[in-house]
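I have placed the structure first, in the form of structure tokens, so that the comments after it can refer back to it.
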Amino acid sequence: MSNRFSGPAATVIVVNWNRREMLRECLQSLTEQRTYDGIQLPLQTVVVDNGSTDGSKEMVLKAFPYCILIQNTSNRGFCGANNQGIAAAASPLIALLNNDAVASPHWVAALLEAINLDPRNGMAASKIVQYESPGIIDKAGHILFLDGQNRGRGTGERDHGQYDGPLELGWPDGCAAMYRKAMFDDVGAFDEDLFAYADDAELGLRARIGGWKCAYAPKALVRHRRGATLGQGNPRRVFLIERNRILLAAKLFPWSVLLLNPFYFLQRVWAAKSNSGDLAAFPGWRGKSSVAWAMIRANLAALCLLPRFLRKRREIHRLAHIRGRDLANLLRREAPTAAAMYVP
């Protein structure tokens, strides 16, 4: 990697909503970004605040005055806020970092190295570990169930270096990732109708359909507090995850997979343990009832949005490099085994 930069090596976008102290730690980690030769990387940092009321904006202005601060008066979600940051970016490479994540000093350098190996690499994925237990994998890229649900590759596994070598990934997790601005120009940015959750999987699969590839940078290490945005036990989180997995499938999946969506959903539910995965955050019959009600509301909301997403489906068909049987084979190859299934 060159040690001389005529402008920002990359733009890093951090979206925030009422997480002042987490945001402070996140931004501090970006001030420590270095090349492998120890030279500080010149970065453009864009903070998009979604109407925080906890002093986040004032903290950024005082402690990190070099950041570009976009101040929204309301919560525009992960999708809308990141799209604002993408529009403000001054470099051809754009990294996203969650406000509840902390980047290692070579995070950006490792992503730059990986994405630049191939001009068709439109995306690069980080190796993300749990903030409280760095020896546990949070995610190393994304995997996608055949009903449209997504999860991190390796989630919950103890880190034995199994994700330190080359991996063929479908797409990155938007918690900590890098994208080419040229890819956004080609296939579009985040779908703002999703608001939050599954948005990175939708963008990543859409980019793959458009002919872009994903690189993996195991040295791009990030520690992440899982579920800090809405909280693991928040029914709103369940609602968005369930609604958006349906909308993702309706927009992008080939008909041969989409028509079997109810079967794949029931298969995933049947394979789940009653207290496994995120369901453990909803104890007792009241907790499980709140999950069931959130999922019913999510399905009704998805039904209302279905006509709009089917129109988007026709637009995707025009840019597709992968479609039909080839896309179905890609999805089946990436899908987790039944043993890995869980309900959100």
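Looking at ILE68, ILE86 in this structure, which one is under 18 Å from GLY188 (Cα atoms) and in the same structural domain as LEU169 (by TED's automatic domain parsing)? Walk me through how you get there before you give the answer.
Details: ILE68 fails: under 18 Å from GLY188 (Cα atoms).
Of the residues listed, the single one that is under 18 Å from GLY188 (Cα atoms) and in the same structural domain as LEU169 (by TED's automatic domain parsing) is ILE86.
List the residue pairs whose Cβ atoms are under 7 Å apart, where the first residue sits in segment 6-21 and is over 16 Å from THR53 (Cβ atoms) and touching a residue at least 40 places away in the same chain (Cβ under 8 Å), the second is aliphatic (A, V, I, L, M) and in a loop (DSSP other than H, G, I, E, B), and the two are 6 or more positions apart or on different chains.
Once the first residue is over 16 Å from THR53 (Cβ atoms) and touching a residue at least 40 places away in the same chain (Cβ under 8 Å) and sits in segment 6-21, its partners that are aliphatic (A, V, I, L, M) and in a loop (DSSP other than H, G, I, E, B) give GLY7/ALA90; PRO8/ALA90; ALA9/LEU41; THR11/ALA89; THR11/ALA90.
Scan segment 116-130 residue by residue and report those that are touching a Lys or Arg at 6+ places or on another chain (Cβ under 7 Å) and surrounded by 19 or more Cβ atoms within 10 Å (Cβ to Cβ). If you could, list the steps in order and put the result at the bottom.
Going residue by residue through segment 116-130, those that are touching a Lys or Arg at 6+ places or on another chain (Cβ under 7 Å) are 118, 120-122, 128-130.
Those that are touching a Lys or Arg at 6+ places or on another chain (Cβ under 7 Å) and surrounded by 19 or more Cβ atoms within 10 Å (Cβ to Cβ): ASN121, GLY122, ILE128, VAL129.
Every residue in segment 164-192 that is touching a residue at least 60 places away in the same chain (Cβ under 8 Å) and surrounded by fewer than 17 Cβ atoms within 10 Å (Cβ to Cβ), please. Before the answer, list the steps.
Step one: filter segment 164-192 for residues touching a residue at least 60 places away in the same chain (Cβ under 8 Å), giving 170, 174-184, 186-187, 189-192.
Scanning segment 164-192 gives ALA182, ASP186, GLU192.
Before we move on, is GLN44 assigned to a strand (DSSP E or B) and not aliphatic (A, V, I, L, M)?
Working: assigned to a strand (DSSP E or B): yes; not aliphatic (A, V, I, L, M): yes.
Yes: the conditions hold for GLN44.
For (1) farther than 21 Å from ALA124 by Cβ; (2) in contact with an Asp or Glu (Cβ under 6 Å, 6 or more places away or on another chain); (3) among the polar types (S, T, N, Q), each residue gets a yes or a no:
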{"site": "VAL12", "(1), (2), (3)": "no, no, no"}
{"site": "CYS26", "(1), (2), (3)": "no, no, no"}
{"site": "TYR36", "(1), (2), (3)": "no, no, no"}
{"site": "THR45", "(1), (2), (3)": "no, no, yes"}
{"site": "GLU58", "(1), (2), (3)": "yes, no, no"}
{"site": "ILE70", "(1), (2), (3)": "yes, no, no"}
{"site": "ASN75", "(1), (2), (3)": "yes, no, yes"}
{"site": "ALA88", "(1), (2), (3)": "no, no, no"}
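What strands (runs of 3 or more DSSP E) completely inside segment 50-148 contain at least 3 residues that are closer than 27 Å to GLU334 by Cβ? Spell out how you get there, then give the answer.
Values: elements: 68-72, 93-97, 101-103, 121-130, 137-139, 142-144.
Fully inside segment 50-148 and qualifying: 93-97, 121-130, 137-139, 142-144.
Answer with yes or no whether VAL187 is β-branched (Val, Ile, Thr) and either closer than 13 Å to LEU203 by Cα or in the same structural domain as ARG313 (by TED's automatic domain parsing) (or both). Explain how you work it out, then say what you get.
On the way: β-branched (Val, Ile, Thr): yes; either closer than 13 Å to LEU203 by Cα or in the same structural domain as ARG313 (by TED's automatic domain parsing) (or both): yes.
Yes.
The values are calculated or read from the model by the stated rules, or taken from the named source; none is laboratory data. If you're wondering where the values come from, they're calculated on a predicted model, not measured in any experiment. Please note: Cβ atoms are built from the backbone with ideal geometry, for glycine as well, and neighbour counts cover all protein chains shown.
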